[in-house]
Amino acid sequence: MELTGSWTTALPAAVAERYELRETRNAAAVLAATCPDEVAELCAVLTGFTLTTADLVEAGGNESRLAARLNAAFRERGWREGRVDTVVTSRLQVQPWHPAGEHGVTVRESEVFNEGYKVDNVKGRVALDVEWNAKDGNLDRDIGAYRALYDAGLIDGAVLLTRTHDDLRELARELARAAGRSDDEVRSRLSTSTTTHLGKLGSRMTRGDAGGCPLLAVAISRRCWDPAPGEPVRHQAPAPLMLTDGLVP
């Protein structure tokens, strides 16, 4: 599936300057037109978010704390966790045979309930998940939920908030080394190839996994990092990636 670029005009420049953006089916333009309040809140959260040194250096639990910080910002704006469940009812109607004196229709029903997946944030007709550094299988779960919600006519599109890979890994290693971490700890920062990041998500988007659901990917990048007071800026933030970068799983 071809990626689109409506985000270049549908979203504020302040967001594009700090995050890497990808979309299918002109997701940014669709959501800005149908859900302007929710898109404005999304942009407010993104603009107010900063990536700290602790997010990249501290081991154990920092990924969940970062995601919790973002989810809390959405909760404060009225976004709530949702879940996609499916109920299938099958009805057999046996018709009467009048020569036998039968008059009523006999009905037999069977119901199957399938418990679905949770979505981190839902408001209006937008679904949104935060996948900072989780197992990459979460992306399949998230996209499957979006597709089901969209096919049922319950949402107009979805947003998946994740991270870039190479630039943040390099920054995390620089910061860990400067903090005096061991060589093993430095090498371990964001090194796992099976966790969620833009490359993993991009391949699923171009494969068309979301079906007809417009999907906007927002990736936290090195440009979101804000050094602590007195902490030197180590390298100038790299320029935004080209549209095709980061799509190799």
(message) Apply the a/c threshold of 1.5 to the C-alpha gyration tensor of the chain and tell me whether it is rounded, prolate or oblate.
(response) prolate
(request) Show the residues, 5+ positions off or on another chain, whose built amide H is closer than 5 Å to the amide H of residue 157. (result) 127
(request) With an 8 Å cut-off on Cα pairs and a minimum separation of 6 or more residues, tell me the relative contact order of the chain in percent. (result) 26 percent
(request) Just tell me which aspartates and glutamates come within less than 14 Å, Cα to Cα, of residue 118; anything on the same chain fewer than 8 places away is out. (result) 81, 85, 129, 131, 140, 142
(request) Considering the options 13, 82, 178, tell which one lies farthest towards the positive end of the dipole of the chain, charges being +1 on Lys and Arg and -1 on Asp and Glu at the Cβ, about the Cα centre. (result) 178
(message) Using +1 at the C-beta of Lys and Arg and -1 at the C-beta of Asp and Glu, which of 148, 45, 215 has the Cα lying farthest in the positive direction of the dipole of the chain?
(response) 45
(request) Show which lysines lie in cross-link reach of residue 200 when reach means a straight Cα distance below 16 angstrom and same-chain residues fewer than eight apart are skipped. (result) 135
(message) Given R₀ = 41 Å, what would the calculated FRET efficiency be for residue 76 paired with residue 183, taking r from the Cβ atoms and rounding to 0.05?
(response) 0.50
(message) Assuming 0.36 nm per residue, please report the length gained on full extension of the stretch residue 68 to residue 194 beyond their Cα-Cα distance.
(response) 43.3 nm
(request) In debye, nearest 20, what is the charge dipole magnitude of the chain about its Cα centre with +1 on Lys and Arg Cβ and -1 on Asp and Glu Cβ, if you could check? (result) 140 debye
(message) Between segment 125-187 and segment 1-37, how far is it from one alpha carbon centroid to the other, in angstrom?
(response) 18 Å
(message) Rounded to the nearest 20 debye, what is the charge dipole size of segment 161-206 about its Cα centre when +1 sits on each Lys and Arg Cβ and -1 on each Asp and Glu Cβ?
(response) 180 debye
(request) Please list the helices of the chain that count as membrane-span-like by this rule: a mean Kyte-Doolittle hydropathy of at least -1.0 together with Cα atoms stretching 15 Å or more along the helix axis, each helix being a complete DSSP H run. (result) 36-48, 62-75, 137-151, 166-178
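Over the chain, what percent of the accessible surface lies on carbon and sulfur atoms, probe 1.4 Å? Present the calculation step by step, with values, prior to reporting the outcome.
Numbers: 6350 of 12410 Å².
So the carbon and sulfur contribution to the accessible surface is 51 percent.
The values are calculated or read from the model by the stated rules, or taken from the named source; none is laboratory data. Predicted model, so just to flag it, every value in this text is computed and none were measured. All Cβ positions, even for glycine, are placed from backbone atoms using ideal geometry, and neighbour counts span all protein chains on display. Accessible surface areas use protein heavy atoms only, side chains included; no ligands, DNA or RNA. Shrake-Rupley method; radii C 1.70, N 1.55, O 1.52, S 1.80 Å.
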